[in-house]
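The values are calculated or read from the model by the stated rules, or taken from the named source; none is laboratory data. Computed from a predicted model, the values in this text were never measured in an experiment. Glycine also receives a Cβ, built like all others from the backbone with ideal geometry; neighbour counts cover every protein chain displayed. Areas reflect the complete protein model, heavy atoms only, side chains present, ligands, DNA and RNA absent. Shrake-Rupley method; radii C 1.70, N 1.55, O 1.52, S 1.80 Å.
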Amino acid sequence: MSDTHAETVAFVRDTMLPPEPPPVTEIGAVRWVRENLFSGWLNVLLTLGAVYVIVWLLAHIGPWLLNSVWNAGSLAECRQILDGATGACFAVIRDRGQQLLYGFYPANLYWRPNLALLLMVVALAPLLFPRVPRRVLWFSAVYPAVAYWLLWGGSVWFPVSVLLGFPAGYLAWRVMRPAGAILSGIVAVLVPLLWWAVVAGPLAGLLQSIVPLGLRPVRSDQFGGFMLSIIIGVTGIALSLPLGIVLALGRRSDMFLIKTLSVGFIEFIRGVPLITLLFTASLLLNYFLPPGTNFDIILRVIIMVTLFAAAYMAEVIRGGLAALPRGQYEAADALGLDYWKAQRLVIMPQALKVSIPGIVNTFIGLFKDTTLVVFIGLLDPIGLSNSIRADTNWNGIYWELFIFIGLLFFIFCFGMSRYSQHLERRLKTDHH
Amino acid sequence: MKTFTFFGALTAAGLAAGVVQAATLDDVRARGNLSCGISTGLAGFSAPDANGVWQGFDVAVCRAVAAAVLGDPMAVTFVPTTGQTRFTALSSGEIDLLARNTTWTFSRDVDLKFTFAGINYYDGQGFMVSRELGVSSARELDGATICIQTGTTTELNLADYFRANNMSYEPVPIETNAEAQQQYLAGACDVYTTDASGLASTRATFADPENHILLPEIISKEPLGPLVRHGDDEWADIVKWTLYALIAAEEYGITSQNIDELARGTDNPEINRLLGVEGGLGQMFRLENDWARRAISAGGNYGEIFSSTIGESTPIGLARGLNAQWTQGGLLYAMPFR
C-alpha cells in the first residue's frame, strides 16, 4: 500500500536540504551598505553627495599632505624643495616644535617639565582608577608642591615650608578641638594662613642657608607653549572641582550669608566673559597692587581661570544635587548622619555621578579656553604661532602650525572625553 | 584718632612708594634687568628665534638701553604685549620701556601720559595689489575690496583717504597680519593695506612676490618710537639719548667693528664726548661715561641694526627711505652731544 501516495503526490523529500547561505544582498558589507547608505532615494542622494565632498576634500588636501616637506630651514627653502608643487611645510614643526611644546624653557632643563608631567600621571592614577593602591594618594597630595618646584625651580625649602602649613593647621585643630567645633574650625583656617604669611618665607630662607638644596630657577616669562596650556588647564581643573562643590553646597545652604555670597559669586563670575577676567588679571591688578610687587602673571591667570571654571562647575553640580530624589536626603537624616557625613557618604557620590558629563564638559571647555591668554600677551601655542610667523624664516606659514596645535588639543580633549565615558560605564549601578 | 593716624601713615607710605617708583633708573639697577615691552611678534621688529632669544629692530632698542644702563645687552626681560595691553603695562609699571612699533600721536603723548623718547622708524600706510589688477596708483582703487585690520589707525586713515578723494571701497575686516595674508592670497580682497614696512615683509613671504606691487602713495605718517611713562624725565632722557647715540654713531662712522679703536681717543671731539673719552656726559644722568659705547657695542649703530634686521639684505628688504641720515636725505637727525 505504500505506493498509494505515489499516485497522489509526485515527490516526497526524505532528507533535509543543507541550509543555503543567505542571498548576497542580505549579508555583510553589501547588506550594510544597502541598509545604511542606499535605503531610499533621499539616502542615495545624501550618500552620493557625501562621497563627492569626501573625494573633493581628499583630492585637495591629500597631495598637500603627501608632499609634506619635513627638512628645511625656512619657508623659502620648503618652496624651493617643492619646486612649484603644492605641499605642506611641516619643517616648521621640526624647527620650532620644541618651542610650541615648552615655550622658552631652557632646552637643557626640558627633563623637568617632562618629569612633572610623568609624575602628574602617577598622582592622578589613584584618583582616576580604583585598582591603583590607595597609598599613592599621599603622593597626589604633595604633588602640587613637587610640580611647582620642578617647573619653577629655586630652593626646595620654599614648597616644603608652604606644605608644612597644612600639618600646622591640622595640629592646631587637634589642640583646639576640646574648645568647640566652631572655634577649632576657625583656628584650623587661621593658623595655616598665618604660617604662610609670617613663618613660611623666613623658614625657607633659614633652611636654605643651612642645607642649600635647589634647582636652577626658571622665570615665568620663559614659560610658554603647550606646557603653559597644561599648567593653567590642569591647575584650573584640579582646583575648580572642589571649589565648585563648595559653592554648589553654599548655594543650597539655608544660612543666609553663605547662600548670598555663593549666589553673588556664581552670578557675577558667570555674568562676565573670561576675557574680561583675564584682562583684569593682567592689567587692573597692577594698579591695585603696591608698586614694585611682582605678583606672578601665570599665577594671576590661574586664579582667574579657576574662579571662572568654579562658578560653572558649581551650577553643574547643583544640577546633579537637584536631580537626587528628596528621599535620599531623608534617608541620610534617618540614618543619623550629620550634614557633612550625609554629603560625603550619600549625596555627593550620587550627585557627582549624575553630573559627570557636565563636569567633563566644563573641563574640556576650560582647557580650550586657556588659549585666550594670547590676548594678554602670554605665549601659549596660539601666541607662539604668531611669534614664529614673525621670524623672517617662517613668515607666511599658516595651516601647518594650526594643524599641529589642533592635534595636540584634540589628543587631550578626546582623552578626557573617553575617560569620562569609561567612568560613566564603571559607575553605572542601574541594571537593565 | 588712632585710625586717622593709621590712614595718614598709610597715605604717606603710599606717596613715598610712588616717589620711590618714579626713579625708574634705580628700580632697573636694583632689579638687575630692564623690563621691556615688545610686540608678541612682528617680522623684523620683534620675534623669538629658534633658541627663544628675541631678535629684531625694536628689540635692539631694548638691548641698547640695557647695555647703557646695566652694561649687559642680554639683561632684558622681554614682556610680549598686545595692542590692547601695551599701554596699561607701561603705565602700571610692569615694564620700564615700551618698544613696540607704536605710532607717536598727540593723544598717546598727552592724554595717555607717556613720553615718546624719539623715533626709531618712520613708517606710513601703503597699499599692496596684485599685478594682474593693472593698477599703478591708489587713485585708481575706486570700488575696490580692501583687507584691513580692525581697530587700528590704518582703518581710520583709509576712510579719510577715500573720502578725501571721493572714492568708495568695500572693507574686508581681518584680525591679524597672518590672516590678512591668507585672505589676500585667496582673493578675498583686491588690496591689502597696512604700514609700508608690514606690506614689504608680507610680500617677501609670498611664493610669487614679483606678481604683487606696492603702490607709490603713502597715505599717513606713522612715526614709530620707544616710549616711557610721564614724570620720570631722567629715565626718558636715558632712553632718548641712547637712541640718539645709535643714530649719531652712524653719522660719525662709529661701527661695532671700529668702536674699540675709536674709544681710545680721536681727533673728533664729538666722537670723544659720545664715547666718553672726554666731557663726562654719562655722569650727568648718573650713568658711567662709556654708556654710549656700550649701547653701540650691543648691536652696532643705527645703520647696522637696520641692515641686520629689516634692511635690504634681509628677506624683509626695506630701503632706508625716510630712515636715512639727514645727510643722506632722510629724517634721522641726532641732537649734538655736547
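Summary table
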{"read-out": "Computed magnitude of the charge dipole of chain B (debye, nearest 20; Cβ of K, R +1, Cβ of D, E -1)", "value": "860 debye"}
{"read-out": "Exposure rank, largest accessible area first [A:312, A:287, A:329; 1.4 Å]", "value": "A:287, A:312, A:329"}
{"read-out": "Segment A:219-426: Cα Rg divided by the 2.2 N^0.38 Å rule of thumb", "value": "1.21"}
{"read-out": "Label-zone membership for segment A:176-196, site residue A:170, 7 angstrom Cα→C-beta point, backbone N under 14 Å", "value": "A:192"}
{"read-out": "Distant-in-sequence amide H partners of residue B:169 (H built 1.01 Å from N, under 5 Å)", "value": "B:143"}
{"read-out": "Peptides A:136-145, A:160-169 ordered by average Cβ neighbours within 10 Å, highest first", "value": "A:160-169, A:136-145"}
{"read-out": "Within 10 Å of each Cβ in B:43-55, the average number of Cβ atoms from other chains", "value": "6"}
{"read-out": "When each of A:259/A:353; A:259/A:428; A:341/A:368; B:113/B:221 is checked by Cα-Cα distance, pairs over 28 Å", "value": "A:259/A:428; A:341/A:368"}
{"read-out": "Binned Cα-Cα distances of the protein assembly as shown, short to long, each 20 Å bin given as a whole percent", "value": "12, 38, 32, 13, 3, 1, 0, 0"}
{"read-out": "Chain A - Rg over Rh from alpha carbon coordinates, Kirkwood radius", "value": "1.13"}
{"read-out": "Tail weight of P(r) past 18 Å, computed on alpha-carbon pairs of segment A:74-189, percent", "value": "71 percent"}
{"read-out": "³J(HN,Hα) computed for each position of segment A:55-67 - Karplus, 6.51 cos²θ - 1.76 cosθ + 1.60, integer Hz, glycine/proline x", "value": "4, 4, 4, 4, 5, 8, 8, x, x, 4, 6, 5, 7"}
{"read-out": "Amide H partners (placed H, <5 Å) of residue B:37, local residues excluded", "value": "B:79, B:96, B:97, B:98, B:99"}
{"read-out": "Within 10 Å of each Cβ in A:219-225, the average number of Cβ atoms from other chains", "value": "2"}
{"read-out": "Whole-percent pair-distance distribution, where bins are 10 Å wide, for the alpha carbons of segment B:125-220", "value": "16, 59, 24, 1"}
{"read-out": "Sequence-distant residues sharing a close amide H with residue B:229 (under 5 Å, placed H)", "value": "B:115"}
{"read-out": "Relative packing of A:40-46, A:73-79, which averages over residues the other C-beta atoms within 10 Å, highest first", "value": "A:73-79, A:40-46"}
{"read-out": "Gap separating the Cα centres of segment A:70-119 and segment B:61-103, nearest whole Å", "value": "28 Å"}
{"read-out": "10 Å Cβ neighbours from other chains, averaged over peptide B:91-100", "value": "2"}
{"read-out": "Folded to 0 to 90 degrees: helix A:136-152 orientation relative to chain A principal axis, Cα", "value": "70 degrees"}
{"read-out": "Kirkwood hydrodynamic radius (C-alpha pairs) into Stokes-Einstein, segment B:201-338, 37 °C and 0.692 mPa s, D in µm²/s", "value": "195 µm²/s"}
{"read-out": "Fully extended contour minus Cα-Cα distance, from residue A:410 to residue A:284, at 0.36 nm per residue", "value": "42.0 nm"}
{"read-out": "Long-range Cα-Cα pairs in segment A:155-215 (distance over 18 Å), rounded percent", "value": "41 percent"}
{"read-out": "From phi via Karplus (6.51, -1.76, 1.60), per-residue ³J(HN,Hα) for segment A:236-245 in Hz, x at Gly/Pro", "value": "x, 5, 5, 8, 6, 5, x, 5, x, 4"}
{"read-out": "Accessible area that becomes buried as A packs against B, both chains, 1.4 Å probe, Å², nearest 100", "value": "2500 Å²"}
{"read-out": "Surface per residue (accessible, 1.4 Å probe) for segment A:155-215, Å²", "value": "63 Å²"}
{"read-out": "Nearest-10 value in Å² for the accessible area of residue A:341, using the 1.4 Å probe", "value": "100 Å²"}
{"read-out": "Gain on full stretching of the segment that runs from residue B:338 to residue B:176 - 0.36 nm per residue minus C-alpha separation", "value": "53.9 nm"}
{"read-out": "Peptide ranges B:181-189, A:350-358 listed from the most packed, as the mean C-beta count within 10 angstrom indicates", "value": "A:350-358, B:181-189"}
{"read-out": "Shape metrics for segment A:1-153, restricted to C-alpha atoms - Rg then Dmax, Å", "value": "33.3, 106"}
{"read-out": "Cysteines, chain A, no other Cys beta-carbon under 4.7 Å", "value": "A:413"}
{"read-out": "Accessible area in square angstrom per residue, segment A:219-426, 1.4 angstrom probe", "value": "47 Å²"}
{"read-out": "Charge sum, other residues only, whose C-beta stays under 10 Å from residue B:195's C-beta, Lys/Arg counted +1 and Asp/Glu -1", "value": "-2"}
{"read-out": "Fraction of accessible area attributable to carbon and sulfur, chain A (%, probe 1.4 Å)", "value": "70 percent"}
{"read-out": "Helix B:233-251 vs. chain B, principal-axis angle (Cα, 0 to 90°, nearest 10)", "value": "60 degrees"}
{"read-out": "Ellipsoid equivalent to chain B - semi-axes via the Cα gyration tensor, in Å", "value": "38, 27, 17"}
{"read-out": "Order of exposure, largest accessible area first, which applies to B:58, B:208 with probe 1.4 Å", "value": "B:208, B:58"}
{"read-out": "Cα-based reach from residue B:240 at 17 Å (exclusive), listing aspartates and glutamates while leaving out same-chain residues under 8 positions away", "value": "B:58, B:96, B:109, B:232, B:250, B:251, B:288, B:290"}
{"read-out": "HN-Hα J in Hz across segment A:387-393 - Karplus 6.51, -1.76, 1.60, θ = phi - 60°, x for Gly and Pro", "value": "5, 5, 5, 6, 6, 4, 5"}
